[in-house]
1. Name the residue that is modelled with the highest pLDDT, counting only residues in region 78-99 that are touching a Gly at 6+ places or on another chain (Cβ under 7 Å) and of a type outside the set (A, V, I, L, M, F, W, C).
2. Just checking, does region 58-74 include any residue being assigned to a helix (DSSP H, G or I), without any contact (Cβ under 8 Å) to a residue 60 or more places away in the chain and basic (Lys, Arg)?
3. When you go through (1) under 30 Å from Val14 (Cα atoms); (2) of a type in the set (Val, Ile, Thr); (3) without any contact (Cβ under 8 Å) to a residue 24 or more places away in the chain one by one for Thr103, which number turns out not to apply?
4. Do you know which residues across region 78-96 are without any contact (Cβ under 8 Å) to a residue 40 or more places away in the chain and either exposed (fewer than 14 other Cβ atoms within 10 Å of the Cβ) or among the β-branched types (Val, Ile, Thr) (or both)?
5. Of the residues that make up region 106-113, is at least one more than 28 Å from Pro60 (Cβ to Cβ), modelled with pLDDT of 95 or more and not acidic (Asp, Glu)?
6. Residue by residue through region 84-143, note down the ones that are out of contact with any Leu (no Cβ under 7 Å at 6 or more places or on another chain), of a type in the set (A, V, I, L, M) and not in a helix (DSSP H, G or I).
7. Do we have any residue at all in region 29-49 that's of a type in the set (A, V, I, L, M), crowded, with 21+ Cβ neighbours inside 10 Å, in contact (Cβ under 8 Å) with a residue 60 or more places away in the chain and under 20 Å from Asp128 (Cα atoms)?
8. Just one of the numbered conditions (1) surrounded by 19 or more Cβ atoms within 10 Å (Cβ to Cβ); (2) under 14 Å from the mean Cα position of the chain (by Cα) is not true of Pro60; which one?
Amino acid sequence: MQTRFHGTGLNDAVAMATSPGTINVLLGAGEFGRGFYTQHSQRRALQWAIRVKVKLNGSPCVLRLDIDDAAYARLTVLALDVRLGLNLTEILGHWGVKATFMTGCCDLIEGPIGGDISRIQQKFESDDAQVVLNGNDTQRTVN
């Protein structure tokens, strides 16, 4: 299983954890553009949610996603190193397109958060990625 964590508000986490899930890859926006963001650290996902709590729907919490290995392996991943991650973030910021940019060439982008290679994030951006996140191949629980 591929375990990932998404910091969010409690009301949204409960809705996303239903079966089928309600995760929408078109709603979020971050360093790598529009998408649904996760990371490996539950603690850091919660810290992020606490930091932006005024924007959340409910109290800060974490949605845990346990994704089946075979389903995850079917997704096309664009892996960014520190340099490419920082370059993409800078370009998107310069052009003001963080809320809209999607590569159109992959299911998810994986790269360092803020150029810190010890902190890796995943941006799920395709319809196929959304199907995996919301389907039976992924267990979604609120922590």
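1. Gly85
2. no
3. The single condition Thr103 does not satisfy is (3).
4. Within region 78-96, the first condition is being without any contact (Cβ under 8 Å) to a residue 40 or more places away in the chain, and the residues that meet it are 78-79, 81-84, 86-87, 90-91, 93-96.
Correct list: Ala79, Asp81, Val82, Arg83, Asn87, Glu90, Ile91, Gly93, His94, Trp95, Gly96.
5. yes
6. Once the filter is applied, which keeps residues that are out of contact with any Leu (no Cβ under 7 Å at 6 or more places or on another chain), of a type in the set (A, V, I, L, M) and not in a helix (DSSP H, G or I), region 84-143 yields Val97, Ala99, Met102, Ile113, Ile117, Ile120.
7. No.
8. Failed condition: (2).
The values are calculated or read from the model by the stated rules, or taken from the named source; none is laboratory data. Keep in mind that this is a model prediction, so the values were computed, not measured. Heads up, the Cβs are rebuilt from the backbone with ideal geometry, glycines too, and the neighbour counts pull from every protein chain shown.
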